[in-house]
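Heads up, the thing below is written out as structure tokens.
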Amino acid sequence: MNATSVGALLLCRAEPAVVRPAAHLLRERMLLAPAGPGWSVLVPEGKPWRDGGEPVDRVVAGWASALAVGADWPVLALWWDADRAGFTLAAGFRRTVGYVWLADGTPVGEDEAMRTFTARLDLDPVLDLPALEPLTRQDPAADSRDRLLTFTAYLSRAGIVLPVGLSPGEPADRLREVARIQPGAEQVEWAGWRDTVRAELDTVEEGPLGPWLRGPRARLAGTCQLAAGVPLVLWAARHRSTGWAFAGALLMAQGMVVLAYDSLRAGTVRTVTRPRRRPAGPARSPAFRPVPRSRD
């Protein structure tokens, strides 16, 4: 691996329109592009691992967790630097799973990680898992970049199709240039809380979770996200972990969005369904009933 080659890619199992609102909350400038049917790729435009002092694997692990913690789709982060390369898979609140190869290609991960990775992407453990097993064994002819490229080629079984030129191991500057010219590519940039929350509300309203996030279930989901996000942000501040701070902030933001959506929808329903009162009119006389005649 080239000593100057440090970078990362974030692969999300969702369409770009679904990924966009969550990516805004990372507060990082990124390029978003399609990466196969039902997949999107995020390419960081900055280099927070250099500016913030944290290694690239820790930064992207926090990003992946932040994107996946409030969504129903997994996020796969591919990362590399001069000493190592690897991947991290985040899915909801479950523990992240990953694997690492040293610069000379030596595997230092756990074999169980590959099995968990296959299961979380709903791949066939009988047909697909054997293709990953060589990556967990020694191979003097393969360095860390070769390992990561082989792993990326395997991802086509999950439907991932990276654009030509957007290959792991390339310098971050080249990845940005390649991503910028892809069809359907767009820039994701932090636009402030008001616009971000409005976009998130629109996505919730139009998405499959819209009918579900209403009433007591919505309030419970939003409260749980807020309750989980606050201590996570505090923990990240004590440990100076930027990635987990993003995850906690995203949890808090999504909790507020869910609660705001439920409150807004409840107010709309009350306004629409309020019965109309008819204007008071003159009192109506009782209907005339003829009095039966007596036979006498």
Handout entry: Test set (1) over 23 Å from ARG13 (Cβ atoms); (2) assigned to a loop (DSSP other than H, G, I, E, B) - ASP72 fails condition number
Key = (1)
Completion exercise
Those residues of the stretch 75-98 that are within 22 Å of the chain's Cα centre (by Cα) and part of a loop (DSSP other than H, G, I, E, B) come to a total of 6
Problem - Scan of the stretch 157-172 for residues that are free of Cβ contacts under 8 Å to residues at least 40 places away in the same chain and open to solvent by 70 Å² or more (accessible area, probe 1.4 Å), ordered by number - result: ARG157, VAL164
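Return yes or no: is ARG115 buried (at least 16 other Cβ atoms within 10 Å of the Cβ), at pLDDT 90 or above, among the charged types (D, E, K, R) and under 22 Å from VAL97 (Cβ atoms)?
Details: buried (at least 16 other Cβ atoms within 10 Å of the Cβ): no; at pLDDT 90 or above: yes; among the charged types (D, E, K, R): yes; under 22 Å from VAL97 (Cβ atoms): yes.
For ARG115, the condition - buried (at least 16 other Cβ atoms within 10 Å of the Cβ), at pLDDT 90 or above, among the charged types (D, E, K, R) and under 22 Å from VAL97 (Cβ atoms) - is not met.
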Fill in the blank from the handout: Reported set for the stretch 79-102 where residues are open to solvent by less than 30 Å² (accessible area, probe 1.4 Å), of a type in the set (Gly, Ala, Ser) and farther than 18 Å from LEU132 by Cα is ALA90, ALA91, GLY92
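Can you tell me which residue among ALA66, ALA61 is within 14 Å of the chain's Cα centre (by Cα) and within 21 Å of VAL18 (Cβ to Cβ)? Before the answer, list the steps.
On the way: ALA61 fails: within 21 Å of VAL18 (Cβ to Cβ).
Of ALA66, ALA61, the one residue that is within 14 Å of the chain's Cα centre (by Cα) and within 21 Å of VAL18 (Cβ to Cβ) is ALA66.
Quick grid of which residues meet (1) surrounded by fewer than 21 Cβ atoms within 10 Å (Cβ to Cβ); (2) among the basic types (Lys, Arg); (3) under 30 Å from ASP139 (Cα atoms):
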site	(1), (2), (3)
VAL19	no, no, no
ALA22	no, no, no
GLY53	yes, no, no
ALA77	no, no, yes
ASP104	yes, no, yes
Completion exercise
When the stretch 119-143 is checked residue by residue, the ones that are open to solvent by 80 Å² or more (accessible area, probe 1.4 Å) and either among the basic types (Lys, Arg) or closer than 10 Å to ARG157 by Cα (or both) are ARG137
Fill in the blank from the handout: So, first residue at pLDDT below 90 in the stretch 128-142, second residue part of a loop (DSSP other than H, G, I, E, B), Cβ within less than 9 Å, six or more apart or across chains; the pairs are ASP128/LEU121; LEU129/LEU123
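When residues of the stretch 144-156 are filtered for being in contact with a Gly (Cβ under 7 Å, 6 or more places away or on another chain) and open to solvent by less than 60 Å² (accessible area, probe 1.4 Å), how many remain? Reasoning before the result, please.
Kept after step one, since they are in contact with a Gly (Cβ under 7 Å, 6 or more places away or on another chain), are these residues of the stretch 144-156: 144-149.
Checking which are open to solvent by less than 60 Å² (accessible area, probe 1.4 Å) leaves us with 144, 147-148.
Going through the stretch 144-156 one residue at a time, the tally reaches 3.
The values are calculated or read from the model by the stated rules, or taken from the named source; none is laboratory data. In this text, all values refer to a predicted model and were calculated from it rather than measured experimentally. Cβ: placed from backbone, ideal geometry, glycine included. Neighbour counts: every protein chain shown. Accessible surface is based on the protein model in full, side chains and every heavy atom, while ligands, DNA and RNA are left aside. Shrake-Rupley method; radii C 1.70, N 1.55, O 1.52, S 1.80 Å.
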